[in-house]
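Visitor: Have a look at the structure that comes next, please.
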Amino acid sequence: MSFNPAFALEAPSAFARVQLCFLLQLAYSGERGAARAYVGHAASLRDPRERTEVRRILRDEVFHMDYTRSQLERIVPERHGRHLWLARASRLWKGYLRAASAVAGLLGTVVLVAQYFLILPVFALFAKRAARREHTGWSEPIRREGRAALERQY
């Protein structure tokens, strides 16, 4: 395989393009999330001046969202929709993982509590019962003679 100088010049820009697409995906997702948050925040405000200010910030967020989308369309015009869909899917996956880890923690707590209060008392009763059958103090070991002494400890 021979060295291709054209590929060497193109490879860093291809890598940079992939990295820039990833950053634009993150920026678009962040701006979209911020825009949704500001919509809810503006709806919850009672003061009209505050609501107007939040709506102005919301317009800025929408502008940033449109700008990042247009830059993504400029860099990868044929696949910009796929890149945005992947960014949304990534956010959904991370949300699922957060919810699943919370449920797993809850289930782990429930299982440990059940073991502590349901299973452990049963074993404690069996241990008390077995302890009553035990002899107190030391017991004399069984002495074995000859070959049996070398084959077994007890």
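No lab work stands behind these numbers, since they all come straight from the coordinates. Because the structure is predicted, anything quoted here is derived from the model rather than measured.
Visitor: How high is the relative contact order of the chain? Use alpha-carbon pairs under 8 Å, at least six apart in sequence, and give a whole percent.
Guide: Relative contact order here is 21 percent.
Visitor: Follow-up. Which whole-Hz couplings ³J(HN,Hα) result when phi for each residue of the stretch 105-115 is put into the Karplus expression 6.51 cos²θ - 1.76 cosθ + 1.60, θ = phi - 60°, listed in order with x for Gly and Pro?
Guide: Going residue by residue, I get x, 5, 5, x, 5, 4, 5, 5, 5, 4, 4 Hz, with x marking Gly and Pro.
Visitor: Report, in degrees rounded to the nearest 10, the 0 to 90 angle that the Cα long axis of helix 120-133 makes with the longest principal axis of the chain.
Guide: For 120-133 against the chain, the angle is about 10 degrees.
Visitor: Take the stretch 65-117, drop everything but the C-alpha atoms, weight them equally and run the Debye formula without solvent; then report log10 I(q)/I(0) at 0.16, 0.18, 0.19, 0.26 Å⁻¹ to two decimals.
Guide: -0.61, -0.68, -0.71, -0.92
Visitor: Would you mind computing the Rg to Rh ratio of the stretch 5-100 from its alpha-carbon coordinates, Kirkwood style for Rh?
Guide: Reported Rg/Rh, Kirkwood definition of Rh: 1.14.
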